[in-house]
Amino acid sequence: MLKSLKDLLWLGTAVSLTLGAVLFTLDFTRSYDGLLQNLSSFIQTHKRSVTLSGAGLSNEASNFDTYTGLDILYGLRGWKLEGAEVSINGTVIPDAKDDGALPSGLYDQDLGLAVALLDLEEDYKAYSQLDKQGRLVKISFKLK
């Protein structure tokens, strides 16, 4: 009788541990699924960006990517800091004037021109030009 009671207690313990592990796994899976749902909506709003890891690329326009107008506006200053010439629908965006004496309106002339040329919700095709070291020299955006 005592052996049967011991076996029953061991069986109860094993079942409890198994159920606990299953419930823990289901809870972890549910939270992981929620994370993936939120992450996928974030990723889907971003378009591919220009990759600058093109070893052996020449001066030819070699990258073709799609950007929204908002992506272009966001990346404009970064491309300018890299020393790239940026053009939108054939209009070259001038460098921002970095002079402390100038009012902020003059400093933001490049962004103002970009906003005037861009439709922030439309898609643009990007044509990039790299030098022999793989650095971005020129990037042109044309409305699709």
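Throughout, read-outs are computed from the coordinates displayed, never taken from laboratory work. Being a predicted model, the structure only gives us computed values, none of them experimental.
Points to keep in mind about this one:
- Once the Cα-Cα distance is subtracted from the 0.36 nm per residue extended length, the ASN89 to ASP119 segment shows a gain of 9.7 nm.
- Segment 1-45: C-alpha gyration tensor shape, a/c 1.5 cut-off, then a/b vs b/c: prolate
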